[in-house]
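Q: One structure follows; several queries about it will come next.
The values are calculated or read from the model by the stated rules, or taken from the named source; none is laboratory data. In this text, all values refer to a predicted model and were calculated from it rather than measured experimentally. We place every Cβ from the backbone using ideal geometry, glycine too, and count neighbours over all the protein chains shown. Just the protein is used for accessible areas: all its heavy atoms, side chains included, with ligands, DNA and RNA removed. Shrake-Rupley method; radii C 1.70, N 1.55, O 1.52, S 1.80 Å.
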Amino acid sequence: LNPITARITMGPVATFVPQRSGLMFPGADPAVVRQAVTTYLDTPIEWGMHLARGADQHARVSLSTITVPTSFIAGKHDMLASARDMKTAAQRIPHAEYVELVGSHFIQMERPDEVHRHLLEFLGRIGEVR
């Protein structure tokens, strides 16, 4: 597939389709989508499949021993890392923060201002603790 994906031209159609596919929501800056898709297409498909299989084939990890400040920002409609899984992970870490935004796995591209604001607030709280 790599020789095929290498030929995809990242024009308006190539950025429009992912945002209407259900995997990603509309609204992300087309230039950012273009850069992300280009980077993804430059990655050998075998490696991507290896990561996908590996992500699904691991034992549950104990999170209760994590003691550093932790924040999860989840996309409500994330098909790759479900909001439910992120929420239960946050519940297993003492004092973890969980934020759910309307969006997909690409919440950082779809709602960059909100994600940025939450991260700055989180970092501000960490600074207060020290």
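Q: Go ahead and set up a Gaussian network model of the chain, Cα springs under 10 Å, then flag whichever of Pro44, Pro18, Pro30 fluctuates most.
A: Of Pro44, Pro18, Pro30, the Gaussian network model singles out Pro44 as fluctuating most.
Q: While we're looking at this one, here's another question. Mind telling me which of Gly54, Gly22, Gly103 comes out most flexible in a GNM of the chain, alpha-carbon contacts under 10 Å?
A: Of Gly54, Gly22, Gly103, the Gaussian network model singles out Gly54 as fluctuating most.
Q: Tell me, what is the per residue accessible area of the chain in Å², probe radius 1.4 Å?
A: Values: 9190 Å² over 130 residues.
Per-residue value: 71 Å².
Q: Starting from the Cα-Cα distance between Glu97 and Glu121, subtract it from 0.36 nm times their residue separation and give me the gain in nm to one decimal.
A: Details: separation 24, 0.36 × 24 = 8.64 nm, distance 1.11 nm.
Separation in residues times 0.36 nm, less the Cα-Cα distance, equals 7.5 nm.
Q: Additional query: How big is the chain by the Kirkwood estimate over distinct Cα pairs, in Å? Intermediate values should be presented prior to the final figure.
A: Working: mean 1/r = 0.0597 Å⁻¹.
Over the chain, the inverse of the mean reciprocal pair distance is 16.8 Å.
Q: Taking the Cα centre of the stretch 67-130 as the origin, how large is its charge dipole in debye, to the nearest 20, when only Lys and Arg (+1) and Asp and Glu (-1) carry charge on their Cβ atoms? Could the numbers behind the result be given before it?
A: On the way: 8 positive and 9 negative charges, 40 e Å.
Using Cβ point charges on Lys, Arg, Asp and Glu, the stretch 67-130 gives about 200 debye.
Q: Placing +1 on the Cβ of each Lys and Arg and -1 on the Cβ of each Asp and Glu in the chain, which of Gln19, Ala55, Gln108 has its Cα farthest towards the positive end of the resulting dipole?
A: Going by the Cα projections, it comes out as Ala55.
Q: How would you rank 70-81, 88-99, highest first, on the average number of other Cβ atoms within 10 Å across their residues? Please list the in-between numbers first.
A: Values: 70-81: 17.1, 88-99: 15.5.
Put in order of decreasing packing, that is 70-81, 88-99.
Q: Further, regarding this structure: Classify the stretch 20-84: rounded, prolate or oblate, from the alpha-carbon gyration tensor (a ≥ b ≥ c, eigenvalue square roots; a/c under 1.5 rounded; otherwise prolate if a/b is larger than b/c)? Numbers along the way, then the final one.
A: Values: a/c = 2.10, a/b = 1.40, b/c = 1.50.
Since a/c reaches 1.5 but b/c is at least a/b, the shape of the stretch 20-84 is classed as oblate.
Q: Roughly to the nearest percent, how much of the accessible area of the chain is carbon and sulfur, given a 1.4 Å probe?
A: Values: 5650 of 9190 Å².
Ligands and nucleic acids excluded, carbon and sulfur reach 62 percent.
Q: Where nothing but the Cβ of Lys and Arg (+1) and of Asp and Glu (-1) is charged, how large is the charge dipole of the chain around its Cα centre, in debye to the nearest 20?
A: Details: 13 positive and 13 negative charges, 39 e Å.
The calculation lands at about 180 debye.
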